[in-house]
Amino acid sequence: MTQRSVTHATFVIERTYDAAPERVFAAFATSEAKTQWFGGPEEWGPGRHELDFRIGGHERSSAGPKGGPAHIYDATFYDIVPNERIVTSYEMYFDTTRISVSLATMELKRDGARTRMTYTEQGAFLDGFDGAEGREEGTRELLGKLAAALNRQMAI
């Protein structure tokens, strides 16, 4: 039998984007916009993404390296305040193994023509498959991809 464990952790990431809160918020609101920055490494190729962006709606994505395992993100939206806040809970899986359950809050504040985002995640990391350090690192990478996507939009 597998040794069971749970590690609880909270991390906070603050970023400033060269875009108005409306543009940053919009990057979360449609599948077309979100898939421009939300996903695994390029070598994984495109994965599946479904998004029902409303309170009570769900988001699901699945991707992974060739040969597996699939990295699956399964979220529910609990609070959406346009251009200000998004609160979700989400589970992460490696194939069928649940590796974590988290509550994530994104707060957007106008800073002149820019946006200050505060991302807070409270996680329960299960059975040693994942941890807060790796999750924070991965989230920082995703938020960097968001910055690049917003910059590409500005260039068009």
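FYI, it's all coordinate maths here, none of it is from the lab. Please read all numbers here as calculations on a predicted model, not as lab measurements. Cβ sites come from the backbone with ideal geometry, for glycine too, and all protein chains shown count toward neighbours.
Tabulated values for the structure
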item: Centre separation in Å (Cα based) which lies between the stretch 1-58 and the stretch 59-73; result: 13 Å
item: Partners for Lys66 among aspartates and glutamates (Cα-Cα distance below 15 Å; same-chain residues under 8 apart left out); result: Glu42, Glu43, Asp95
item: Spin-label proximity, Thr139 to the stretch 49-75 - amide N less than 15 Å from point 7 Å beyond Cα toward beta carbon; result: 74-75
item: Electrostatic dipole magnitude of the chain [Cβ: Lys, Arg +1; Asp, Glu -1; Cα centre; debye, to 20]; result: 300 debye
item: Per residue, the convex hull volume that the Cα atoms of the chain enclose (Å³); result: 108 Å³
item: GNM result for the chain, Cα springs below 10 Å: residue of Ile99, Ile13, Ile80 fluctuating most strongly; result: Ile13
item: Estimated 222 nm signal from helices in the chain, with DSSP H stretches of n ≥ 4 weighted -39500 (n - 2.57), rounded to 500; result: -7500 deg cm²/dmol
item: Signed unit charges on C-beta, dipole axis of the chain, positive-most listed residue Ile99, Thr115, Ala70; result: Thr115
